[in-house]
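Worksheet: one structure, shown below.
Laboratory data are not the source of any read-out in this text; all were calculated from the coordinates shown. Bear in mind the structure is a predicted one, so any value in this text is a computation, not a measurement. Cβ placement follows ideal geometry from the backbone for every residue including glycine, while neighbour counts extend to all protein chains displayed.
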Amino acid sequence: MIHQYILNGYHIILDVNSGSIHVTDPLAYEAIRLIDAGKTPEEAGRELLAGFADRGVTEQEVQESLADVEELRRSGKLFSEETFADKAFDLKKRNTVIKALCLLVAHTCNLNCSYCFAAQGNFHGQHGLMSFETGKRALDFLVEHSGLRRNLEVDFFGGEPLMNFQVCKDLVAYARSIEKEKKKNFRFTLTTNGVGITDEVIEWANRECHNVVLSLDGRKEVNDRFRKDYAGNGSYDRIVPKFQEFVRRRGGQGYYMRGTFTHFNTDFTEDIFHMADDLGFAELSMEPVVADPDSPSALTREDLPVIFEQYEILARDMLRREREGKPITFYHYMLDLEHGPCIYKRISGCGSGTEYLAVTASGDLYPCHQFVNDPEYRMGDIWEGVTRTDLRDSFKLCNVYSRPECADCWAKLYCAGGCAANAYHATGDIHGTYETGCEIFKKRIECALMIKVAQAMEGRQEKES
Amino acid sequence: MKHIVTLDTRDMAKSAVNGGCGECQTSCQSACKTSCGVANQPCENKDAE
């Protein structure tokens, strides 16, 4: 299977199964399209000669382009075969090793954002804070179930985790006290709305947290539309200076400014550029809202063309910034083509319900933070462990090969089957597909690949000149 | 080749042989929390092909 598209003037071919990426001239691009459509080289040659006659293309050039295509096919970099499906189904038999926990240390929040999937932090349940004893048991549970995995990830999440800062600090101290003996390396992430950031928080997080995720939606009027306190006041003016200080003292690394865009700001590149140009942030993430389709903030099919254009604008602008020596990072455009994930990672799905679990303040286990307090998805608790092994088995097979819609999707080895929670909310089934999310994802990957292509081609031009 | 440039990419078939150590970050954990993808996850095994 291949995927071919033209973006920013580049003719791009992705060979799905090998992961190879090719940049072609228009002639080879059409040659590949014809061969992929089932034409013989002779038929393709005749069509190419006729189709490119007005551009002065010669018989020799046509034959050269067809020879290039054949060479790539023979080397397994074009029209390569699918050989991974059996491995995906073997995943059900794999040992269940847990390597990441999302700790909901606070089922409460000091903001009252109306679009919050966690229902202002209480996850449609009781408000509450995780005790140190519960958190400590969660860390022990993680160590006990992590097998030989060395790197263990723990995210302080909520609600707003800084409303339970002392427990966050105590849990990190506990983890540090056991990691050497247990031969583990804990990596902590803090996800915060910024209201509770203090000098002490900054000093602690910059020492202990591998990553911090700082929630800001962009322009003041956009941020303050949803991100308000309980008195109805927008949070922008309070949180932006704190975030700037936080990132400055962090050395500008190991963080994401994480925004949400909704139906009300489909021009979200303006928010990204505001955070970059006006506020000085360089590590950026902007996510489509997760909302009930009936919500006014939910993205619609009609929004998609606008959103696609925005992603293209962003990609082109990131290339410009890089050329000018002031690059920014966009989470979804970060691709490492040479040292990215292996095929096992690409076919095994996001890990929710298997190697990644969410722990509530009271110690209950859920497949991920988005299923919390849905009784059908309570998997057990940190004392008894996972008791709903049927759910775990179901999540083990939550990957591209369990979703019929993914079979013919060119992006399947980039997304691994997508988000189980989005699928569940959109279709009622974790093995379903959230089509709007798929369309957005594919556009992002096209843009991300284009950036890689542009960087490679500009690099070649520099070498040649 | 005159008409096609191929970027350097990780060979998926080789990664089926030497991949799967599982030390990488879970997909959702780092920044998005809403839209899973694996493409931007770096491999922790720097020696793997």
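Could you pull out every residue, at least 5 positions away or on a different chain, whose amide H is within less than 5 Å of the one on A:S146? Hs are placed 1.01 Å off N in the peptide plane, and Pro or chain starts have none.
Those qualifying (amide H under 5 Å, at least 5 residues apart or on another chain) are A:I98.
Using only the alpha carbons of the protein assembly as shown, what is the convex hull's orientation-averaged projected area in square nanometres?
Spelled out: convex hull of the Cα atoms, projected over all directions, averaged, 24.5 nm².
Relative to the compact-globule scaling 2.2 N^0.38 Å, provide the ratio for the alpha-carbon radius of gyration of region A:276-331.
That ratio works out to 1.40.
Taking the convex hull of the alpha carbon atoms in region A:418-457, what volume per residue do you get, in Å³?
Taking only Cα atoms, region A:418-457 has a hull volume of 50 Å³ per residue.
Work out the mean other chain Cβ neighbour count within 10 Å for the residues of A:332-339 and drop it here as an integer.
Per-residue shielding by partner chains comes out at 6.
What is the dipole size for the protein assembly as shown, taken about its Cα centre, with +1 at each Lys and Arg Cβ and -1 at each Asp and Glu Cβ, in debye to the nearest 20?
The dipole of the protein assembly as shown has a size of about 1540 debye.
What is the P(r) of region A:251-410, as percent of Cα-Cα pairs per 10 Å bin from 0?
Pair shares across the bins are 9, 25, 31, 27, 8, 0.
Alpha carbon centre of region A:320-385 versus region A:99-143: separation in Å?
16
Please average, across the residues of A:24-36, the number of beta carbons from any other chain that are within 10 Å of each residue's own beta carbon, and give a whole number.
Counting Cβ atoms of other protein chains within 10 Å of each residue's Cβ and averaging gives 2.
Go through A:H210, A:P41, A:F186 and say which Cα lies farthest out towards the positive end of the charge dipole of the protein assembly as shown; charges sit on Cβ, +1 for Lys and Arg, -1 for Asp and Glu.
Of A:H210, A:P41, A:F186, it is A:F186.
Any chance you could give the angle, 0 to 90 degrees and rounded to 10, that helix A:26-36 forms with the longest Cα principal axis of chain A?
That works out to roughly 80 degrees.
Alpha carbon centre of region A:207-224 versus region A:415-465: separation in Å?
After rounding, the separation between the Cα centres reads 23 Å.
When you look at the Cβ of every residue in B:14-24, what mean number of other chain Cβ atoms sits within 10 Å?
6
For region A:144-160 and region A:1-40, what is the separation of their Cα centres, given in Å?
Region A:144-160 and region A:1-40 have Cα centres separated by 41 Å.
Antiparallel versus total DSSP beta bridges in the protein assembly as shown: what percent is that, nearest 5?
Restricted to the protein assembly as shown, the bridges split so that about 40 percent are antiparallel.
Sorted by average packing, counted as other Cβ atoms within 10 angstrom per residue and highest first, what order do A:295-306, A:440-451, A:169-180 take?
Final packing ranking: A:440-451, A:169-180, A:295-306.
Name the residue from A:Q166, A:F117, A:T260 whose Cα lies farthest towards the positive end of the charge dipole of the protein assembly as shown, charges +1 on Cβ of Lys and Arg and -1 on Cβ of Asp and Glu.
A:Q166
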